[in-house]
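One structure is given here, and the rest of the page talks about it.
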Amino acid sequence: MRLVVAVGGNALLERGEVPLAEIQEGHVAVAVAALARLAPDNELVISHGNGPQVGLLANESALDPDLPGPYPMDVLGAESQGMIGYFFLQALENALPGRNVASLICQTEVDADDPAFRAPTKFVGPVYTRAVAEDLASRRGWQIREDGAAWRRVVASPEPRTMVELAMIRTLVEERAIVICAGGGGIPVVRGDDGRIRGAEAVIDKDLGAALLARDLEADALMLLTDVDGIEVGFGTPKATLIPHATAAELRAGSFPAGSMGPKVDAACRFVEATGHSAMIGRLQDAVELLQGTRGTTIRP
């Protein structure tokens, strides 16, 4: 079975954690212990979030006295893909000796006139108090928004259209390599009238990127792994109830928070609607049980 697995940002950093390399490597080791159980019998393609890492790198370049300004978001996306891909690459090679593993820097084409460029919504970087966030926004030209009880920077998040390196990913998968790719949804790029591509000042939703990748790779299933049991009715309340199975149409008729489960539900439904295959949402450590349909939420046609 060909699986595309999107690992949430919690695989690397929990909210409020210091973004040290050793902390992130420790989280990746836990993630790989779960993912390695999927590897023997399946073709495995792994994508991952990168919001905290992109924000950290943006802060570092903004504060560097030798730079007149911070690196653009597409470059920061490439840096984070390289770093996180390295963590996963090494952990998978150690967990599965003899299995070929590849980590790719991947670009995702978006439309230059996507309205998201005019209305940034995607959170990146650490959380701040309102006063600190407003001060940073004033000094650095950021846009900020409330994120729960805290404040964070937001950047544009355009719709992913095409994975530029899709053919290379397909070749590696067909050779039975485990492929780490499309981190953070892919590096956003736009294509000019001359056919040349260039970076865009944005980040892509990793779940929508994973859904696009799974669709175009003709994956048999899409797994969105996170830190909750699955899709719940009444999430965050004492009456929260897991939805173990649902159709895409049933979920489309519901309402889910835009800042948390909403993008995952949308991504899962897109894949199911486009392919007729199933998608799963649930805890990282339950990956095998999710595939078996005994844990989490399964979304079916």
The chain, Gaussian network, Cα under 10 Å: of LYS264, LYS239, LYS122, the residue fluctuating most is LYS239
How high is the relative contact order of the chain, in percent, counting Cα pairs under 8 Å that sit 6 or more residues apart?
21
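Could you work out how much longer the chain between GLN143 and THR121 gets when fully extended? Use 0.36 nm per residue separation minus the Cα distance between them, nm to one decimal. Show your work: numbers first, answer last.
On the way: separation 22, 0.36 × 22 = 7.92 nm, distance 0.90 nm.
Extra length available between GLN143 and THR121 comes to 7.0 nm.
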Taking every alpha carbon pair in segment 64-138, what does the distance histogram look like in 10 angstrom bins from 0, in percent?
13, 28, 32, 19, 7, 0
Per-residue [θ]222 nm for the chain (sum of -39500 (n - 2.57) over DSSP H runs n ≥ 4, rounded to 500):
-11000 deg cm²/dmol
Principal axes first, then extents: for the Cα atoms of segment 149-293, list largest minus smallest coordinate on each axis, whole Å, largest first.
55, 41, 27
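Convert 37 °C to kelvin, take the viscosity as 0.692 mPa s, use the Kirkwood radius over C-alpha pairs of segment 1-158 as Rh, and evaluate the Stokes-Einstein diffusion coefficient in µm²/s, rounded to a whole number.
Working: Rh = 17.2 Å.
Reported coefficient: 191 µm²/s.
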Can you quote the Å³ per residue value for the convex hull of the Cα atoms in segment 178-254, rounded to an integer?
175
Quote the relative contact order of segment 142-230 in percent (integer), defining contacts as alpha-carbon pairs under 8 Å separated by 6+ residues.
27
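Just the number: Rg to Rh for segment 243-301, Cα atoms, Kirkwood Rh, two decimals.
Details: Rg = 10.8 Å, Rh = 11.4 Å.
A ratio of 0.95.
How large is the Kirkwood hydrodynamic radius of segment 125-215, counting all unique pairs of alpha carbons, in Å? Intermediate results must be reported in sequence, preceding the final value.
Numbers: mean 1/r = 0.0645 Å⁻¹.
So the Kirkwood estimate lands at 15.5 Å.
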Bounding extents of the chain in its principal axis frame from Cα atoms, largest first in Å, are 51, 46, 43
So how much slack lies between GLU201 and LEU20, counting 0.36 nm per residue of separation and subtracting their Cα-Cα distance, in nm?
62.6 nm
Working out 0.36 nm times the residue gap between ARG161 and THR294, then minus their Cα-Cα distance, what length gain in nm do you get to one decimal?
44.6 nm
Radius of gyration and Dmax over the Cα atoms of segment 52-99, both given in Å:
14.4, 46
Report the residue, chosen from GLY276, GLY192, GLY77, that carries the largest GNM mean-square fluctuation when the chain is represented by alpha-carbon nodes joined by springs under 10 Å.
GLY192
Aspartates and glutamates near LYS239 by alpha-carbon distance under 15 Å, same-chain residues fewer than 8 away left out - which ones?
ASP229
Which of the lysines could a cross-linker span from LYS122 if the Cα-Cα distance has to be under 19 Å and same-chain partners fewer than 8 positions apart are dropped?
LYS206, LYS264
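Coordinate-derived values only; no laboratory data. This one's a predicted model, so the numbers in the text were calculated from it and none came from an experiment.
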